[in-house]
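Taking it in order: structure first as structure tokens, then the write-up.
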Amino acid sequence: FVIFFGVIVYFGTKIVDFSNRLLMIGLIVTYLLMIFLGISKVEFSLFTHVNMKYFLLPLAVLVTSFGFHNMIPTVTAYMKGDLQKTKKAIIGGSLFALLIYLFWIVLILGIIPVDGKFGLLNAFIEGNEATVSLRNILKSKLVVTFAAWFSFFAIVTSFLAQSLGLMHFIADGLKVKPNPKNNIWLAILAILPPAIFALSYPNIFFKALGFAGAYCAVIIFCIFPALMVWIGRYINKETSSYHAKGGKISLILVLLFSFVIILNQLISTFIY
């Protein structure tokens with residue numbers, strides 16, 4: 001898997017874009033078919049389950065789910081520096097992902113109970129995907145098939161996009177220009193360490209998701225950018241042709257939001 005799709009990442013943005021477009025068709029088709037098969041099984045009584053103790057815990061996952069800031073340099077370069085096209089790509093992609101997440105949450109929370117053998121809590125403890133509980137509850141061969149393909153398309157599209165973004169992120173940090181020669185070791189640096197870690201700890205997904213969202217993603221995608229803008233604007237007095245709106249208030253809010261997530265994760269780790 002890693003070698004085959006890693007080769008696609010090596011060939012760069014255009015090949016990844018073309019491959020992801022084809023894979024997204026499969027993702028959307030299997031997603032819609034699963035929604036179609038499962039929507040009639042939704043029990044609205046399941047939405048009444050509330051536990052305020054865990055109200056803030058999803059914040060870490062939320063940051064990870066929308067933490068694609070490392071893709072912005074790649075998108076900007078692909079759009080040839082066109083600011084309006086880049087904005088549309090970022091906003092459009094975010095809204096599309098949000099809609100997909102919302103429909104999926106309604107389906108999963110409306111069909112799978114929190115407790116029980118195939119409940120969400122047990123799936124979390126065992127490190128299983130929600131689709132495993134979904135197919136066990138619905139007992140449909142079609143759902144099993146569509147769930148398997150949906151998981152495949154979701155993993156591959158995410159792998160290609162994130163690997164490409166990480167490869168360009170590394171290239172930017174090391175001040176190396178992506179080209180056929182450099183892409184070999186850039187792709188290895190981007191793909192090999194996570195692959196080794198995943199093979200060494202196959203059941204660590206949910207713990208890693210919470211850790212990555214609460215600490216790594218928040219630091220890299222929230223705290224660092226806010227501090228960089230603050231230092232650049234208000235300490236070094238740097239100027240540029242593009243100036244994001246919001247001023248000091250927005251930067252302070254981003255930092256406060258970041259510290260709330262980190263504090264909440266620390267509390268949940270050592271108290272809950």
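The values are calculated or read from the model by the stated rules, or taken from the named source; none is laboratory data. Predicted model only: the values in this text are computed from it and were never measured. Here the Cβ positions follow ideal geometry from the backbone for every residue, glycine too, while neighbour counts run over all protein chains shown.
Identify the single condition in (1) basic (Lys, Arg); (2) surrounded by 13 or more Cβ atoms within 10 Å (Cβ to Cβ); (3) modelled with pLDDT of 80 or more that Lys87 does not satisfy, given that it satisfies every other one.
Here Lys87 clears every test but (2).
Check Lys177 against each of (1) loosely packed, with under 15 Cβ neighbours inside 10 Å; (2) part of a helix (DSSP H, G or I); (3) charged (D, E, K, R) and name the one condition it does not meet.
(2)
Select from the range 90-117 the residues that are part of a loop (DSSP other than H, G, I, E, B) and loosely packed, with under 15 Cβ neighbours inside 10 Å and write down the one among them that is nearest to the chain's Cα centre (by Cα). Walk me through how you get there before you give the answer.
At the first step, the residues of the range 90-117 found to be part of a loop (DSSP other than H, G, I, E, B) are 112-117.
Pick out the ones that are also loosely packed, with under 15 Cβ neighbours inside 10 Å and you get 114-117.
Details: Val114: 23, Asp115: 26, Gly116: 28, Lys117: 28 Å.
Only one residue fits best here, namely Val114.
Taking Ala161 as meeting all but one of (1) under 18 Å from the mean Cα position of the chain (by Cα); (2) at pLDDT below 80, write down the number of the exception.
For Ala161, the exception is condition (2).
Determine which member of the set Val16, Val42 is of a type in the set (A, V, I, L, M), closer than 29 Å to Leu164 by Cα and modelled with pLDDT of 80 or more.
Numbers: Val42 fails: closer than 29 Å to Leu164 by Cα.
The unique qualifying residue is Val16.
Given the criterion assigned to a helix (DSSP H, G or I), under 17 Å from the mean Cα position of the chain (by Cα) and either surrounded by 15 or more Cβ atoms within 10 Å (Cβ to Cβ) or in the same structural domain as Lys139 (by TED's automatic domain parsing) (or both), identify the matching residue among Thr76, Thr64.
Thr64
Name the single residue, out of those in the range 118-135 being in contact (Cβ under 8 Å) with a residue 12 or more places away in the chain and more than 15 Å from Phe150 (Cβ to Cβ), that is surrounded by the most Cβ atoms within 10 Å (Cβ to Cβ).
Step by step, filter the range 118-135, then rank; the result is Leu120.
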